[in-house]
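Read-outs throughout are calculated quantities, based only on the coordinates presented, and are distinct from any laboratory measurement. Bear in mind the structure is a predicted one, so any value in this text is a computation, not a measurement. Virtual Cβ from ideal backbone geometry, glycine too; neighbours counted across all protein chains shown.
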Amino acid sequence: MAEVELPGLCLGVPIDHRLKPLFSTGLTTPNPSVGFGGHAREIKNYGRYFQKYRKDISNNEIQFAKWLAMPETKGGVVIVLQQPAEHQRYFSDHYQTVKDCNTLSAVDEVCKAITGYGVERVSCFDAFPFHKIPVSKSLEKYEEELDEAYDLFLRMIEQKQPDVVLCCYRSPHSTKYKDFQCIGIGRTRDCQVTVRGRRYTCVNCFHPSYALNYLEDKSELRSLFIIEATQAFRRANGTWRERSWMTKVRENCAAIVQMDFEDKQDQPSWTKHDFQRKRFQSYMKLIMGILNSLKSGVYNDMTNKELYNLFLERRYNVLFHDCLLVLVKIINFEDNGGDRLQDKGFVQLHQREKRDIRDLRRNVVKRCSEFLRSLRVAGAPLQVQKGGKGLLTSDGLKQSLLPLGPFMHQTGFQYNLRLSFLSLAHILNDAHTYRGRDVHDINRNELARAFRLAASYLELALTQHTVRTRGRVSEEDDGIISQLNSLTINSSIRQTGYASGYRSSPTRTASAPSSTCTRCNRTGHSSPSCPETQCYRCRSFGHMSFDCPVYPSTPQRRR
């Protein structure tokens with residue numbers, strides 16, 4: 001069978017199937033009569049002036065600040081970040097400097113995904129240029145210097161005259177520096193901003209480091225950053241149209257931030273790794289719940305549309321993504337994160353992080369093994385051959401996965417959902433190597449690959465369902481459907497006797513009676529009010545998130 005081209009990754013996770021059609025926006029072409037803005041020259045001159053009084057500003061840093069502010073033309077999109085990283089390294093090769101900074105690398109990746117061009121073609125300004133000490137720690141001592149830096153930033157905005165400003169910084173002051181700041185995760189700017197007599201169109205966003213370094217296992221925050229960046233570029237060329245699902249993503253992200261704030265109040269002594277360990281356990285519990293529902297046939301009476309909507313409403317579509325990000329965090333730290341901390345002189349922090357990551361990895365491995373053991377059916381043999389691959393033998397895995405395999409009458413999303421779980425089970429099992437006495441070596445890279453592929457296959461299944469239900473099929477859609485018709489996870493799936501091919505028969509439309517719950521198959525209530533339905537906001541049972549009495553579906557102000 002032909003290999004399937006999986007959805008592309010951006011910020012480490014598959015791109016949301018609903019957002020991908022909005023990409024390839026290109027960059028707006030400035031009117032030739034508008035001329036040059038002078039903003040890049042402005043920051044270079046300021047850097048030269050500042051260099052006379054501070055020894056920590058190198059020529060490479062000044063040249064990089066100018067390069068980042070390019071192009072020199074007026075108009076287009078300006079991305080406003082907070083300030084240079086305190087320990088940023090500057091190279092003569094500007095692309096190497098971007099690669100060395102997580103924030104700039106993320107912005108570059110998002111710009112390339114949306115427009116096809118990186119930061120070399122998109123102006124990026126710091127609200128506090130050349131000020132490296134975190135503004136929250138240096139406000140009282142350096143307020144005059146911050147005033148000067150922010151005034152330079154406003155002059156650059158005046159000279160650039162951008163069509164759209166993407167607002168990604170937060171003011172450290174109660175009354176100052178607020179013109180283009182982020183107004184809170186999940187909120188939107190519905191009117192233009194007037195600064196020094198000129199009106200600007202602003203798109204509310206947040207600093208990418210919040211999603212990359214603080215709530216790094218919450219993939220929805222990364223998706224929201226991509227959504228708002230897409231909005232900025234589409235507003236610049238006049239093609240933006242708000243979708244209802246984007247509002248839902250904003251509400252979800254606002255709830256994530258609110259719950260994180262409350263969790264930290266409830267557990268003030270916990271580190272972020274403690275919270276990630278708890279969340280990973282929650283992710284795997286939900287994944288195991290979906291797995292059991294697939295095996296027991298709970299979803300069998302649902303149409304593809306009902307199951308698709310259920311996955312989006314309960315946010316099941318991001319579970320694989322979130323698990324993947326936890327594993328990527330572990331791998332990145334163990335490979336090079338610890339060395340970077342030591343290089344910067346943070347010896348004690350490195351030791352604490354090393355201990356926390358070790359505990360997190362141990363917990364992740366345990367949960368993945370529990371997932372495989374929950375799959376095992378009675379009598380399915382475990383691996384006992386020293387050096388043998390798998391927690392279960394190939395025959396044991398085959399027996400255990402039979403209840404999960406797609407049935408011949410299933411098509412569309414039902415079919416492909418099962419394939420994504422089969423992919424996860426196969427690769428997780430192969431990540432284990434038997435050492436003896438019920439002890440296994442676990443390949444962390446294979447664990448990450450298992451969740452990466454499962455997330456990609458699920459996103460592809462969501463894409464296919466959306467294409468088929470739009471009522472029109474474009475040339476690009478034909479290609480997607482063709483790929484799904486030949487979907488194969490890997491050769492080991494073919495050995496189990498199912499997934500012999502994807503049958504493109506029409507989606508079933510028969511649904512269960514309205515008085516029958518599609519979750520527990522009992523009569524007398526519907527699935528939203530089922531006692532087994534859990535709200536993702538308050539974690540209580542008996543209602544869904546949009547009916548939550550504790551956290552209503554309205555955007556929360558970021559703390």
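Observations
- Residues F225, F261, ranked from the fewest to the most other C-beta atoms within 10 Å, line up as F261, F225.
- Cα-based shape type of the range 23-152, given that a ≥ b ≥ c are square roots of the gyration tensor eigenvalues and the cut on a/c is 1.5: prolate
- Neighbour-limited loop hits for chymotrypsin sites (Phe, Trp or Tyr not before Pro), the range 360-435 (at most 12 other Cβ within 10 Å; DSSP other than H, G, I, E, B): F407
- Note that the range 133-179, at 25 °C in a medium of 0.890 mPa s, gets a Stokes-Einstein diffusion coefficient of 208 µm²/s from its Kirkwood radius over C-alpha pairs.
- Cβ-to-Cβ counts within 10 Å put L104, L166 in ascending order as L104, L166, the fewest first.
- Fewest-first ordering of E42, E242 by other beta carbons within 10 Å of each residue's beta carbon gives E242, E42.
- Projected label distance in nm at D93 and F275, using a 7 Å step from Cα toward the beta-carbon: 3.7
- Projecting the Cα atoms of L428, G396, N363 onto the dipole axis of the range 358-442, where Lys and Arg carry +1 and Asp and Glu carry -1 at the beta carbon, places N363 farthest toward the positive end.
- The range 118-260 shape via C-alpha gyration tensor axes, a/c threshold 1.5: oblate
- Here's how it looks for K218: its modeled amide H is under 5 Å from none belonging to a residue 5 or more places away or on a different chain.
- Net charge over other residues, Cβ less than 10 angstrom from the Cβ of A40 (K, R count +1; D, E count -1): +2
- For the range 11-27, 3J(HN,Hα) per residue [Karplus equation, 6.51 cos²θ - 1.76 cosθ + 1.60, θ = phi - 60°, Hz, x = Gly/Pro]: 6, x, 9, x, 6, 3, 4, 7, 9, 3, x, 8, 6, 6, 6, x, 10
- Ordering of 351-362, 453-464 by packing is 453-464, 351-362, highest average first (other Cβ atoms within 10 Å, averaged per residue).
- Semi-axes of the equivalent ellipsoid for the range 34-241, computed as √(5λ) from the eigenvalues of its C-alpha gyration tensor and ordered from largest down, come to 24, 19, 19 Å.
- Amide H partners (placed H, <5 Å) of G388, local residues excluded: Y434
- For K112, the aspartates and glutamates whose Cα falls under 13 Å of its own Cα, not counting residues fewer than eight places away in the same chain, are E120.
- For the range 83-145, chymotrypsin sites (Phe, Trp or Tyr not before Pro) meeting the loop criterion (DSSP other than H, G, I, E, B) and having at most 16 other Cβ atoms within 10 Å: F91, Y117.
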